[in-house]
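S.K.: What follows is a single structure, and I will ask about it in a moment.
Here, each number is a calculation from the coordinates, and none is a lab measurement. Source: prediction; values computed, not measured. Quick reminder, even Gly has a Cβ in these numbers, built from the backbone with ideal geometry, and neighbours come from all protein chains shown.
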Amino acid sequence: MIEREEEEKSRGFKVDDRRRFSSEGELKPEHQAQAPPSQAPEAPPQQQQPAEEPAPRQAGRQGPAAEPPPPEINFVTFVVSLSTQALMHLGEIPDPMTNQRERDLGAAQHIIDILGMLQDKTRGNLDHDEESLIRSILFDLRMKYVESARHHPG
């Protein structure tokens, strides 16, 4: 152990933690003396802000599973998100805000066109599963659009 420390010293490499705040969000003692007088009284409100923020969120929670973490952002979740919006505009699924099924064929067509553009612009850059997903989603959405436009014109 001692040999290792001496070896590290001989290399001349040293790591200094120069962060001003601890992992708890408190100003480190060595930085408290250096803080300008105008900032010293301000530090406690900055520390209290993160502590106050979780309180409203937790008040609305009814259990540990009330708010699941958001899904990972990647190509698949992005395409599925756009697909879900198109389905909502086609009246296939209810709007999550109003819980009502509403049809807006113009908005549905716009999102389907965006997905088509994504398919064109990403051609050759997607793996097999991503290419298959966007192809099948576009096929399904286009068929639903045609069916919806045929039964509910205008």
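S.K.: Run the quick spin-label model on Ile73 and Met117: label points 7 Å from Cα toward the beta carbon, then report their separation in nm to one decimal.
M.R.: The modelled label-to-label distance comes out at 1.9 nm.
S.K.: While we're looking at this one, here's another question. What's the ranking of 76-88, 131-143 by average number of surrounding C-beta atoms within 10 Å, highest first?
M.R.: The most tightly packed comes first, giving 76-88, 131-143.
S.K.: I'm a student and want to see the number: the projected area of the Cα convex hull of region 75-151, averaged over all directions, in nm².
M.R.: About 4.9 nm², averaged over all directions.
S.K.: Which order, highest average first, do 66-74, 118-126, 105-113 follow once you tally other Cβ atoms within 10 Å for each residue and take the mean per peptide?
M.R.: Order by mean packing, descending: 105-113, 118-126, 66-74.
S.K.: Label points 7 Å out from Cα along the Cβ direction at Thr98 and His110: separation in nm?
M.R.: Using points 7 Å along Cα→Cβ, the separation is 1.5 nm.
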